[in-house]
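Read through the structure below, which is laid out as C-alpha coordinates, and then see the notes.
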Amino acid sequence: MVPRTGVSVDICPRDLPIALIGTAGGALALWADAPGRIAVPVALLIVLDVRIRRWRRRT
(Lines give C-alpha, C1' and ligand atoms only; values in the text may rest on other atoms or scores of the structure.)
Protein backbone atom coordinates (compact mmCIF):
# COMPACT_ATOMS: atom_id res chain seq x y z
CA MET A 1 0.00 0.00 0.00
CA VAL A 2 1.48 3.30 -1.07
CA PRO A 3 -0.03 6.48 0.37
CA ARG A 4 -0.61 9.42 -1.89
CA THR A 5 1.59 12.52 -1.86
CA GLY A 6 1.18 14.54 1.31
CA VAL A 7 0.14 11.59 3.48
CA SER A 8 2.42 9.87 5.97
CA VAL A 9 1.50 6.47 7.44
CA ASP A 10 3.50 5.33 10.49
CA ILE A 11 3.07 1.80 11.85
CA CYS A 12 4.97 0.75 14.96
CA PRO A 13 4.36 -1.78 17.75
CA ARG A 14 2.92 -0.56 21.02
CA ASP A 15 4.51 -1.13 24.43
CA LEU A 16 4.76 -4.69 25.70
CA PRO A 17 1.72 -4.80 28.04
CA ILE A 18 -0.63 -3.50 25.32
CA ALA A 19 0.83 -6.01 22.85
CA LEU A 20 0.23 -8.87 25.26
CA ILE A 21 -3.34 -7.75 25.86
CA GLY A 22 -3.96 -7.46 22.11
CA THR A 23 -2.51 -10.89 21.40
CA ALA A 24 -4.52 -12.44 24.22
CA GLY A 25 -7.66 -10.70 22.98
CA GLY A 26 -7.11 -12.01 19.47
CA ALA A 27 -6.47 -15.53 20.74
CA LEU A 28 -9.60 -15.38 22.88
CA ALA A 29 -11.68 -14.25 19.91
CA LEU A 30 -10.36 -17.14 17.82
CA TRP A 31 -10.95 -19.57 20.68
CA ALA A 32 -14.55 -18.30 21.01
CA ASP A 33 -15.19 -19.18 17.34
CA ALA A 34 -15.18 -15.61 16.05
CA PRO A 35 -14.36 -15.53 12.34
CA GLY A 36 -10.62 -15.17 11.73
CA ARG A 37 -11.13 -12.42 9.15
CA ILE A 38 -12.64 -10.30 11.93
CA ALA A 39 -10.55 -11.32 14.95
CA VAL A 40 -7.08 -11.03 13.42
CA PRO A 41 -7.40 -7.44 12.06
CA VAL A 42 -8.89 -6.30 15.37
CA ALA A 43 -5.99 -7.87 17.27
CA LEU A 44 -3.51 -6.18 14.91
CA LEU A 45 -5.15 -2.80 15.47
CA ILE A 46 -4.80 -3.32 19.21
CA VAL A 47 -1.15 -4.41 18.96
CA LEU A 48 0.04 -1.85 16.38
CA ASP A 49 0.07 1.93 16.64
CA VAL A 50 -1.09 3.27 13.27
CA ARG A 51 -0.78 7.01 12.66
CA ILE A 52 -1.93 8.70 9.49
CA ARG A 53 -0.77 12.28 9.03
CA ARG A 54 -1.52 14.71 6.27
CA TRP A 55 0.88 17.49 5.36
CA ARG A 56 0.99 20.19 2.75
CA ARG A 57 3.84 21.97 1.06
CA ARG A 58 4.28 25.60 1.97
CA THR A 59 4.10 27.87 -1.04
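The values are calculated or read from the model by the stated rules, or taken from the named source; none is laboratory data. Here the structure is a predicted model, which means the values were calculated and not measured. Note: ideal-geometry Cβ built from the backbone for every residue, glycine included; neighbour counts use all protein chains shown. Ligands, DNA and RNA are excluded from the accessible area calculation, which covers all protein heavy atoms including side chains. Shrake-Rupley method; radii C 1.70, N 1.55, O 1.52, S 1.80 Å.
Overview of results
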item	result
Residues that are at pLDDT below 80 and open to solvent by less than 90 Å² (accessible area, probe 1.4 Å), drawn from the stretch 7-16	none
When residues of the stretch 20-50 are limited to those that are surrounded by 10 or more Cβ atoms within 10 Å (Cβ to Cβ) and outside any helix (DSSP H, G or I), the one farthest from the chain's Cα centre (by Cα)	Ala34
